[in-house]
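Okay, so here's the structure we're looking at.
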Amino acid sequence: MNPYSGLLFFYLLALLLLPAVVLGLLGKSLKTYGLIFSVLMLALVFGEGGQLSALIAFYLWEGAVFLAYRRWQKKLPLWLVVPLALLPLALVKMGEVWSPFAAFRLLGISYMTFRAVEVLLNLHNETIQTLSFFQWSSFLLFFPSVPSGPIDRCRRFLSDLERKITPEEYIDLLRRGVWKLTGGAFSAIVLGGLIWQYWLAPLPDSGFLPTLSYLYGYTLFLYFNFAGSSSMAVGTGYLLGIRVPENFRQPFLSVDMKDFWARWHISLSTWLRDYVYTRFATDSLKRKRFQNPRTASYLGYLLTMMTMGVWHGLAPHYLLYGAYHSTLLCLNEALDLHWKPFKKWKRKGFGQVCCVLVTFHLFAFGLLIFSGRLF
């Protein structure tokens, strides 16, 4: 049973959301039922997919790492616990390209792992003082965003989890949630499905014109499918009293690649910005690793986007996708710094239209790399 797809899934989703709606309309707390809902949905989806035992093993492993670090935070170095939290993800990614590890597979592990790591980083930074195992489990296993995001932040999630919602506030969440679910289903299932069935599926596997057509079709398919799935996750979260952050904000109106990554898969790009780019660049400047301060920024882009590529997988086209976007962001930075007309063009008029078109095509070509069709 694929999440957010098929009549059976939506029937079970509606059935298990009904108690949450009743509780919300009565002004009751949703945090306990929210975890019950997540556990039941995960058991149904992962049980049918044959991955329930892998999910339980992942949960126990990450739980052990969390509890150990919470108890012995001053004794356990961060450089040890973060790799331990990343280990299941590394095994799954290796299994995608190396047959001895093929037994390791788990839907949504990339999203859940980043949530687990973020908790450890918050504990290290002392931005979270106390976190119960119940709260941690609710955050890690929150079903709506397990399959394909968005990647919520722990502190923001906890503020919603512990907040008392009035019936009036819940009615607004219910209205917005149903709208998000309906719109997301139309985008992912109807529009995405039509593009795949009548545009992409009939295309030949090779040839310049079919590949060019695939470039446009795949870009639109991925947007409608991914943005729609994210919208359904946001809508489901609303019905559980959790204001899951938006993941897309009109990305095809972006005027450059920096602007694009502030609009596309926002939860992932901001996570990488905060925990990879900013940390590396800030630490490099503090330690004066490079004579030119801009070197830290350029290498930060390389490290960030290569991390994104590896997060998707270890296949060559994912790594090349990461390298491609790191190059584009470095070029973007250089143009912003050294070519004044570039900033003027992005602001208005014909120049802005050109920038939007160029940005769209740069990203679309990146998705052609990402799709593996070029290999």
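The values are calculated or read from the model by the stated rules, or taken from the named source; none is laboratory data. Quantities reported herein were computed from a predicted structural model and do not represent experimental measurements. Here the Cβ is made from the backbone with ideal geometry for all residues, glycine too, and neighbour counts use every protein chain on show. Surface accessibility is based on the protein's heavy atoms, side chains included, excluding ligands, DNA and RNA. Shrake-Rupley method; radii C 1.70, N 1.55, O 1.52, S 1.80 Å.
Say whether the condition of being closer than 12 Å to Met257 by Cα, free of Cβ contacts under 8 Å to residues at least 60 places away in the same chain, loosely packed, with under 14 Cβ neighbours inside 10 Å and more than 21 Å from the chain's Cα centre (by Cα) is met by at least one residue in the stretch 314-327. The answer is no, given that none of the residues of the stretch 314-327 is closer than 12 Å to Met257 by Cα, free of Cβ contacts under 8 Å to residues at least 60 places away in the same chain, loosely packed, with under 14 Cβ neighbours inside 10 Å and more than 21 Å from the chain's Cα centre (by Cα).
When the stretch 270-296 is filtered for residues that are open to solvent by less than 20 Å² (accessible area, probe 1.4 Å) and under 20 Å from Ala334 (Cβ atoms), the ones remaining, listed by number, are Ala281, Ser284, Ala296.
Quick grid of which residues meet (1) β-branched (Val, Ile, Thr); (2) at positive phi:
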{"position": "Gly241", "(1), (2)": "no, yes"}
{"position": "Val244", "(1), (2)": "yes, no"}
{"position": "Gln250", "(1), (2)": "no, yes"}
{"position": "Val255", "(1), (2)": "yes, no"}
{"position": "Arg287", "(1), (2)": "no, no"}
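When Ala262 is tested against (1) more than 17 Å from the chain's Cα centre (by Cα); (2) over 19 Å from Met112 (Cα atoms), exactly one condition is not met: (1). Per the listing Leu35, Leu40, Leu55, the residue uniquely closer than 30 Å to Gly183 by Cβ, under 23 Å from the mean Cα position of the chain (by Cα) and open to solvent by 70 Å² or more (accessible area, probe 1.4 Å) is Leu40. Listed by first and then second residue, the pairs with beta-carbon distance under 7 Å, at least 6 apart or on different chains, first residue in the stretch 165-185 and touching a residue at least 40 places away in the same chain (Cβ under 8 Å) and closer than 22 Å to Pro150 by Cα, second open to solvent by 40 Å² or more (accessible area, probe 1.4 Å) and assigned to a helix (DSSP H, G or I), are Tyr170/Leu25. Among all positions in the stretch 198-207, there is at least one residue which is of a type in the set (D, E, K, R), open to solvent by 20 Å² or more (accessible area, probe 1.4 Å) and modelled with pLDDT under 95. If you go through the stretch 69-80 and pick out every residue that is in a helix (DSSP H, G or I) and loosely packed, with under 15 Cβ neighbours inside 10 Å, you end up with 4. Regarding the stretch 81-98, can at least one residue be identified that is surrounded by fewer than 14 Cβ atoms within 10 Å (Cβ to Cβ) and in contact with a Leu (Cβ under 6 Å, 6 or more places away or on another chain)? Yes, some residue in the stretch 81-98 is surrounded by fewer than 14 Cβ atoms within 10 Å (Cβ to Cβ) and in contact with a Leu (Cβ under 6 Å, 6 or more places away or on another chain). Just one of the numbered conditions (1) in a helix (DSSP H, G or I); (2) open to solvent by less than 70 Å² (accessible area, probe 1.4 Å); (3) not acidic (Asp, Glu) is not true of Leu107: (1). Filtered by the rule that a residue be open to solvent by 80 Å² or more (accessible area, probe 1.4 Å) and not in a helix (DSSP H, G or I), the stretch 161-197 gives Arg163, Lys164. Those helices (runs of 4 or more DSSP H) of the stretch 225-290 that lie entirely within it include none in which at least 2 residues are among the aromatic types (Phe, Trp, Tyr) and more than 28 Å from Leu337 (Cβ to Cβ). Among the residues of the stretch 28-59, write down those that are assigned to a loop (DSSP other than H, G, I, E, B), in contact with a helix residue (DSSP H, G or I) (Cβ under 8 Å, 6 or more places away or on another chain) and either among the aliphatic types (A, V, I, L, M) or more than 25 Å from Phe133 (Cα to Cα) (or both). Leu30 - this is the single residue of the stretch 28-59 that is assigned to a loop (DSSP other than H, G, I, E, B), in contact with a helix residue (DSSP H, G or I) (Cβ under 8 Å, 6 or more places away or on another chain) and either among the aliphatic types (A, V, I, L, M) or more than 25 Å from Phe133 (Cα to Cα) (or both). Residues in the stretch 1-19 that are outside any helix (DSSP H, G or I) and either surrounded by 13 or more Cβ atoms within 10 Å (Cβ to Cβ) or over 21 Å from the mean Cα position of the chain (by Cα) (or both): Met1, Pro3, Tyr4, Ser5, Gly6. Residues in the stretch 208-238 that are β-branched (Val, Ile, Thr) and out of contact with any Leu (no Cβ under 6 Å at 6 or more places or on another chain) were compared, and the one that is most open to solvent (accessible area, probe 1.4 Å) is Thr211.
In the stretch 125-160, how many are open to solvent by 10 Å² or more (accessible area, probe 1.4 Å), at pLDDT 95 or above and in a helix (DSSP H, G or I)? Counting residues in the stretch 125-160 that are open to solvent by 10 Å² or more (accessible area, probe 1.4 Å), at pLDDT 95 or above and in a helix (DSSP H, G or I) gives 8. Can Thr304 be described as farther than 25 Å from Thr113 by Cα, part of a helix (DSSP H, G or I) and polar (S, T, N, Q)? It is false that Thr304 is farther than 25 Å from Thr113 by Cα, part of a helix (DSSP H, G or I) and polar (S, T, N, Q). Checking the stated criteria, Asn247 turns out not to satisfy the condition of being touching a residue at least 24 places away in the same chain (Cβ under 8 Å), open to solvent by 40 Å² or more (accessible area, probe 1.4 Å) and in contact with a helix residue (DSSP H, G or I) (Cβ under 7 Å, 6 or more places away or on another chain).
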